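Provided herewith is a single structure, encoded as structure tokens, for subsequent inquiry.
The values are calculated or read from the model by the stated rules, or taken from the named source; none is laboratory data. Please read these numbers as outputs of a predicted model, since none were measured by experiment. Cβ atoms come from the backbone with ideal geometry, glycine included; neighbour counts cover every protein chain shown.
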Amino acid sequence: MSDAPRGQSRFHAVRMRLEAMAVEPGPRGWFLEFLVFGFKQGWACLFGALMLALLLGTHLFWPDDAPLYRYDAITIGAVLIQLGMLAFRLETPKEALVILIFHIVGTVMELFKTAAGSWQYPEASLLHIGAVPLFSGFMYAAVGSYIARVWRIFDFRYTGYPPVWTSYALAAAIYINFFAHHWLYDIRWFLFAATALLFWRCQVWFRPLHVHRGMPLLVGWGLVALFIWLAENIGTFARAWTYPSQDNGWHIVGLEKLGSWYLLMIISFVLVSLVQRPRKPDASL
């Protein structure tokens, strides 16, 4: 039997034991805090890491003459990962709900973007909608899963957070621009400016172990966008999807995609904020 409280993942009990440890001040304490920070980040990335392993593993080892299309195997594998994480209480039902929301939002974007020729899925599949294999939504869900987990695991608090309705309006404008820029002027630079204007004062406070540490939220988003860009390079290398410029061979995805991922991060963050409301620090922080 798990000693995690009802509604919590198995990781909850492990995290409680880690956070109950006495830490000596000084370098040894800082090193322990760094190790716990890495452990928590690894747990938050679990769903995304398993998805990347699935993409890369099937790319390297899936036989060409297999009776099941590789893309369909990825879809089935992604569903099994999701069910397994719930069954073994590695994920909470609330986190699974966030993943479902991201799956729907991501699939809608995928249908439009593939029709517009922004990228393509070069392999055949049976489990698809239009030109989009069903596993694609899980890639967006991996981002949502990470944000939902890291928010809870590190007990995020915020200072200087703008009125919540402005974040909703910004996320809606970003999502609309992902579609509308194919016909109208691309306003992403205006959106970057609006993001900076709204959040330049906002600090996110996160707790690796005992003490909350502060970081500008804009910087935090940038770091996560960078790691998503690195994951995208793994995904395109594994031919889970490709860009038109990669038809003649794989190459690193251009750095300009960082901007797109940065804006997607904001949509992802705001969606998670509907489930986990931004809170201010306690007076003791």
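For the condition in a helix (DSSP H, G or I), at pLDDT below 85 and among the hydrophobic types (A, V, I, L, M, F, W, C), what is the one hit in A49, A13?
Being in a helix (DSSP H, G or I), at pLDDT below 85 and among the hydrophobic types (A, V, I, L, M, F, W, C) holds for just one of A49, A13, which is A13.
Follow-up. Here's a check for you: in the range 123-161, which residue that is of a type outside the set (D, E) and out of contact with any helix residue (DSSP H, G or I) (no Cβ under 9 Å at 6 or more places or on another chain) is nearest to R15 (Cα to Cα)?
The residue in question is R157.
Further question on the same structure: Return the pair list, or none, for Cβ contacts closer than 6 Å from residues in the range 93-113 that are over 11 Å from V143 (Cα atoms) and surrounded by fewer than 16 Cβ atoms within 10 Å (Cβ to Cβ) to residues that are at pLDDT 85 or above and among the small types (G, A, S), at least 6 apart or on different chains.
If the second residue must be at pLDDT 85 or above and among the small types (G, A, S), the pairs left are L111/G130.
Of the residues in the range 58-67, how many are surrounded by 14 or more Cβ atoms within 10 Å (Cβ to Cβ) and either of a type outside the set (S, T, Y) or in contact with a Leu (Cβ under 8 Å, 6 or more places away or on another chain) (or both)?
Selection size over the range 58-67: 2.
Follow-up question, since we're still on this one. Which of the residues belonging to the range 146-176 are assigned to a helix (DSSP H, G or I), free of Cβ contacts under 8 Å to residues at least 24 places away in the same chain and of a type outside the set (A, V, I, L, M)?
Of everything in the range 146-176, just one residue is assigned to a helix (DSSP H, G or I), free of Cβ contacts under 8 Å to residues at least 24 places away in the same chain and of a type outside the set (A, V, I, L, M), namely W165.
Please count how many residues of the range 224-259 are in a helix (DSSP H, G or I) and either touching a residue at least 24 places away in the same chain (Cβ under 8 Å) or more than 19 Å from the chain's Cα centre (by Cα) (or both).
Step one: filter the range 224-259 for residues in a helix (DSSP H, G or I), giving 224-237, 244-246, 257-259.
Still in the running and either touching a residue at least 24 places away in the same chain (Cβ under 8 Å) or more than 19 Å from the chain's Cα centre (by Cα) (or both): 224-226, 228-229, 231-232, 234-235, 237, 244-246, 257-259.
Counting residues in the range 224-259 that are in a helix (DSSP H, G or I) and either touching a residue at least 24 places away in the same chain (Cβ under 8 Å) or more than 19 Å from the chain's Cα centre (by Cα) (or both) gives 16.
Tell me yes or no: at least one residue of the range 151-169 is under 23 Å from G254 (Cα atoms) and out of contact with any Pro (no Cβ under 6 Å at 6 or more places or on another chain).
no
How many of the residues in the range 144-192 are under 21 Å from G220 (Cβ atoms) and at pLDDT below 90?
Qualifying residue count for the region: 6.
Output the number of residues of the range 195-220 satisfying the condition of being among the hydrophobic types (A, V, I, L, M, F, W, C), more than 17 Å from F37 (Cα to Cα) and either crowded, with 17+ Cβ neighbours inside 10 Å or within 20 Å of the chain's Cα centre (by Cα) (or both).
Total meeting the criteria: 6.
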